[in-house]
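Report on the structure given below.
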2 protein chains.
Amino acid sequence: MAITIKDVAKKAGVATSTVSRTIQDHSSISEKTKKKVRSVMEELGYQPNLAARGLVSKNMRTIGVILPVSDGTVFKNPFFLEMIRGISKACNENKYMVALASGTTQEELLESIQTMAKGGRADGFIVLYSKKNDEIIEYLHREKLFYAMIGKPYEYENEIVYVDNDNKLAGRDATNYLLALNHKKIAYINKHADQMMSAERLLGYKEALLLKGIEVNPKYILEEKMISTNQKEKIKELFISEQHPTAVVAGDDLIAMELVYLFKEFNLRIPEDISIISFNNSIFAKMVQPSLTSIDLHVAYLSEQVVEKLIDLIEGKQNLAIKVILPHEIIERKSCKLNQTAF
Amino acid sequence: MAITIKDVAKKAGVATSTVSRTIQDHSSISEKTKKKVRSVMEELGYQPNLAARGLVSKNMRTIGVILPVSDGTVFKNPFFLEMIRGISKACNENKYMVALASGTTQEELLESIQTMAKGGRADGFIVLYSKKNDEIIEYLHREKLFYAMIGKPYEYENEIVYVDNDNKLAGRDATNYLLALNHKKIAYINKHADQMMSAERLLGYKEALLLKGIEVNPKYILEEKMISTNQKEKIKELFISEQHPTAVVAGDDLIAMELVYLFKEFNLRIPEDISIISFNNSIFAKMVQPSLTSIDLHVAYLSEQVVEKLIDLIEGKQNLAIKVILPHEIIERKSCKLNQTAF
DNA sequence: CTGAAAGCGCTTACAG
DNA sequence: CTGAAAGCGCTTACAG
């Protein structure tokens with residue numbers, strides 16, 4: 001049997017309530033008593049039973065992390081690993097635990113969240129994605145649970161705590177970067193069109209063009225749920241023509257990497273014939289050749305910030321729907337080049 | 001306030017013990033009563049409080065997943081994401097929750113595990129890596145906690161439940177694959193030499209050569225903790241010579257990918273000049289060009305199996321130090337070719 | 001087949 | 001500054 005507060009109390013010659021209070025470092029307990037109790041705790045190797053504590057204090061010091069429904073590729077993105085790691089680290093520092101909620105279907109995921117929430121298992125949740133018409137958000141919102149998001153919510157924007165980059169600005173900056181390199185015909189290629197991030201970046205792309213007085217050419221925007229063979233065909237069609245775009249803003253590093261290989265198939269060189277800029281600055285961006293100029297989103301900070309804001313919410317230190325917007329940063333590598341095309 | 005067993009009992013006109021028993025589907029309760037109680041639970045939206053249950057039953061239905069200390073690259077490997085996802089899925093199916101234990105240092109990680117274990121927060125642990133002289137394993141073992149590993153343990157091999165591939169055989173098969181393509185000069189390049197997997201694969205590589213009567217050339221074995229500039233130099237030295245190896249067994253897809261680019265720098269074509277085979281069959285293997293022939297380790301099954309074996313252990317259904325060895329499978333792509341070199 | 005009661009290990013008013 | 005006691009929401013012998 002594990003050591004309990006009772007064992008400590010007996011050995012230290014005090015009441016259990018005194019032990020409980022020294023654990024919490026209550027100001028009412030004398031330093032002398034605290035010292036004594038602490039030494040006994042040390043000696044006995046006491047560790048508080050979290051279940052018991054949670055039962056009475058209604059606070060399990062646990063954060064549930066909600067992963068997107070794993071429909072193949074999305075979840076293979078190492079992006080999530082970085083987030084999980086960052087969250088885990090921040091939770092550790094705040095003496096919180098992290099519990100994972102996942103599922104292969106919406107229903108499964110929702111069920112998993114329900115047992116955690118109503119079971120008093122998690123004090124709050126972090127949602128790692130943002131997509132349209134999300135039942136999960138609906139549930140969290142309806143049940144008035146504590147939650148925060150990484151990414152800008154589609155609904156209840158003014159009521160949800162979230163941490164995000166300015167993805168519209170990032171899209172604009174990416175596009176401006178290419179514009180500054182004298183590119184005029186810039187494509188935007190992406191999948192996961194249902195994610196908020198993507199929508200915002202596309203908006204920024206359009207804005208940047210318009211601000212430069214360049215008309216948005218809908219043919220240059222290829223956006224789908226997956227890079228299907230179908231999309232490949234469309235990309236081929238676009239880039240095999242004489243008048244092909246000289247640069248592309250890619251939805252993320254993974255897509256950019258696919259494009260790198262695709263363009264090779266079409267005998268287009270990067271960056272000589274086509275410049276590519278992408279988002280995430282993941283391991284892919286560093287590893288492909290040519291290495292990719294990519295926009296770093298500071299995922300580690302993003303994770304740290306959601307955790308902190310959510311804990312503030314849980315502990316009642318702050319109950320406003322605060323938003324934290326982190327800056328991005330263009331990491332220049334070898335996939336972009338000054339455009340020399342005549343026209 | 002959330003709905004408790006008391007509310008259900010009152011509304012259903014039974015004792016709380018009866019409600020508790022119908023939740024557990026006790027055979028002693030009549031179907032009629034169960035039906036009544038269940039309908040009330042449904043109506044009230046009752047969800048059991050897991051902390052209370054855990055407090056009395058000493059079983060939180062939670063598995064702690066121990067991630068390796070995150071010293072940079074190791075943890076960027078999407079391999080871990082696949083494991084986490086697989087474990088999460090299997091836990092869901094078994095109505096267990098998964099809690100993450102991580103840390104930036106050994107001490108931090110150990111502390112995190114301790115609070116989970118002694119705090120009665122996790123019923124058992126899954127260790128996602130296997131390395132030499134691991135304090136974490138020492139701790140788990142000394143405290144006689146329930147745990148299982150993905151990968152073959154360095155110590156207590158006969159006392160630990162683990163799930164693994166036959167990495168030695170995988171190493172042999174990889175090497176044999178190249179031998180069958182008429183390669184004679186085969187290099188073995190890896191980092192993370194302190195991981196059990198790597199050691200085993202290297203062993204298999206050597207065995208395969210010896211069985212073919214080919215002497216192991218120590219110059220052909222490049223193994224380090226990281227692909228440092230130092231290792232790059234060594235690789236260059238080895239492959240720039242006239243007598244360079246015609247094939248390489250790479251430690252994993254990530255390393256293979258680095259090699260692909262490195263070889264390009266040296267003007268060596270893949271697979272014309274050099275064949276590469278690697279392990280993991282991750283997203284990298286599919287995406288690089290040329291795409292990599294890689295050994296799939298069935299990570300999803302691996303994860304599912306550890307979860308099941310650990311649960312058996314926790315629930316006392318099985319207390320032997322069972323090992324589960326899963327088969328691997330060579331996925332042929334475009335990085336290997338019949339060796340045409342003269343001799 | 002069902003219920004009353006004790007107890008899991010904590011925290012927190014309440015009293016002193 | 002410290003202690004005795006109630007109670008958090010469950011489960012599980014024990015009795016009937």
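The values are calculated or read from the model by the stated rules, or taken from the named source; none is laboratory data. From a predicted model like this one, the values you see are computed outputs, not experimental measurements. Because the Cβ atoms are built from the backbone with ideal geometry, glycine has one as well, and the counts that use them run over all protein chains shown. Quick note on the areas: whole protein, heavy atoms, side chains included, nothing else; ligands and nucleic acids left out. Shrake-Rupley method; radii C 1.70, N 1.55, O 1.52, S 1.80 Å.
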Seminar exercise, completed: Of A:232, A:334, ordered by accessible area with the largest first and a 1.4 Å probe, the sequence is A:334, A:232
Problem set entry | Förster radius 56 Å - calculated FRET efficiency between residue B:341 and residue A:155 (Cβ-Cβ, nearest 0.05) | 0.30
Exercise. To the nearest 20 debye, what charge dipole does region B:167-297 have about its Cα centre, counting +1 at the Cβ of each Lys and Arg and -1 at the Cβ of each Asp and Glu?
Worked result: 140
Exercise. How many angstrom separate the Cα center of region A:148-220 from the Cα center of region A:89-118?
Worked result: 30
For this session: Counting helices only, and only those DSSP H runs with n ≥ 4, report the 222 nm mean residue ellipticity of chain A as the sum of -39,500 (n - 2.57) divided by its residues, in deg cm²/dmol to the nearest 500.
Result: -13500 deg cm²/dmol
Exercise. Tilt of helix B:299-314 relative to the longest C-alpha principal axis of chain B, in degrees (0 to 90, nearest 10)?
Worked result: 40
Problem set entry | Coil-residue trypsin sites (Lys or Arg not before Pro) of region A:156-204, DSSP, other Cβ within 10 Å capped at 16 | A:184
For this session: Convert each backbone phi in region A:77-91 into a coupling constant with the Karplus relation 6.51 cos²θ - 1.76 cosθ + 1.60 (shift: θ = phi - 60°), then list the ³J(HN,Hα) values in order as whole Hz, x for Gly and Pro.
Result: 5, x, 3, 5, 4, 5, 5, 4, 5, x, 5, 4, 5, 5, 5
Problem set entry | Nonlocal amide H pairs with residue B:98, under 5 Å, H built at 1.01 Å | A:100, B:63
Problem set entry | Relative contact order %, region B:107-191, counting alpha carbon pairs below 8 Å whose residues are six or more apart | 20
Seminar exercise, completed: Under 5 Å from the placed amide H of residue A:331, counting only residues 5+ away or on other chains, we find A:294, A:295, A:296
Exercise. For the protein assembly as shown, what proportion of DSSP beta bridges, expressed in % and rounded to the nearest 5, is antiparallel?
Worked result: 15
Seminar exercise, completed: Low-density loop GluC sites (Glu not before Pro), region B:229-264, at most 12 other Cβ within 10 Å, DSSP non-H/G/I/E/B, are B:242
Exercise. Pulled fully out, how much extra length does the chain show between residue A:301 and residue A:31, if you take 0.36 nm times their separation in residues and subtract their Cα-Cα distance?
Worked result: 93.4 nm
Problem set entry | Helix A:106-118 axis, angle to chain A major axis (alpha carbon atoms, nearest 10°) | 30
Seminar exercise, completed: Interface buried area A-B, accessible surface with 1.4 Å probe, both sides summed, nearest 100 Å², comes to 5100
Exercise. Under a point-charge model restricted to the Cβ atoms of Lys and Arg (+1) and Asp and Glu (-1), what is the dipole moment magnitude of the protein assembly as shown relative to its Cα centre, in debye to the nearest 20?
Worked result: 1540
Exercise. DSSP beta bridges in chain B, what fraction antiparallel, as a percent rounded to 5?
Worked result: 10
For this session: Could you grab the relative contact order for chain A? Cα pairs under 8 Å, six or more apart, rounded to a whole percent.
Result: 17
Seminar exercise, completed: Rounded to the nearest 10 Å², the 1.4 Å probe accessible area of residue A:298 is 40
Seminar exercise, completed: Once the in-chain neighbours fewer than 8 apart are removed, the lysines whose Cα is under 28 Å from residue A:34 read A:6, A:10, A:11, A:58, A:95, A:317, B:118
For this session: Provide the per-residue ³J(HN,Hα) series for region A:37-44, in order, calculated from phi with Karplus coefficients 6.51, -1.76, 1.60 and θ = phi - 60°, each as a whole number of Hz, with x at glycine and proline positions.
Result: 4, 4, 5, 5, 4, 4, 4, 7
Seminar exercise, completed: For the protein assembly as shown, the per residue accessible area (1.4 Å probe, Å²) is 45
Exercise. If contacts are Cα pairs under 8 angstrom and at least 6 residues apart, what is the relative contact order of region A:167-297 in percent?
Worked result: 26
For this session: Would you work out if region A:167-297 is rounded, prolate or oblate? Take a ≥ b ≥ c from the square roots of the eigenvalues of the alpha-carbon gyration tensor; rounded if a/c is under 1.5, else prolate when a/b is larger than b/c, oblate otherwise.
Result: rounded
Problem set entry | Pairwise centroid distance, computed over Cα atoms, of region A:255-315 with region A:8-77, Å | 40
Problem set entry | Carbon/sulfur fraction of accessible area - region B:167-297, other protein chains in place, 1.4 Å, % | 51
For this session: Go through region B:113-151 and name the trypsin sites (Lys or Arg not before Pro) that are in a DSSP coil and have 15 or fewer other Cβ atoms within 10 Å of their Cβ.
Result: B:132, B:144
Seminar exercise, completed: A 1.4 Å probe over the protein heavy atoms gives region B:1-99 a carbon and sulfur accessible-area percentage of 52
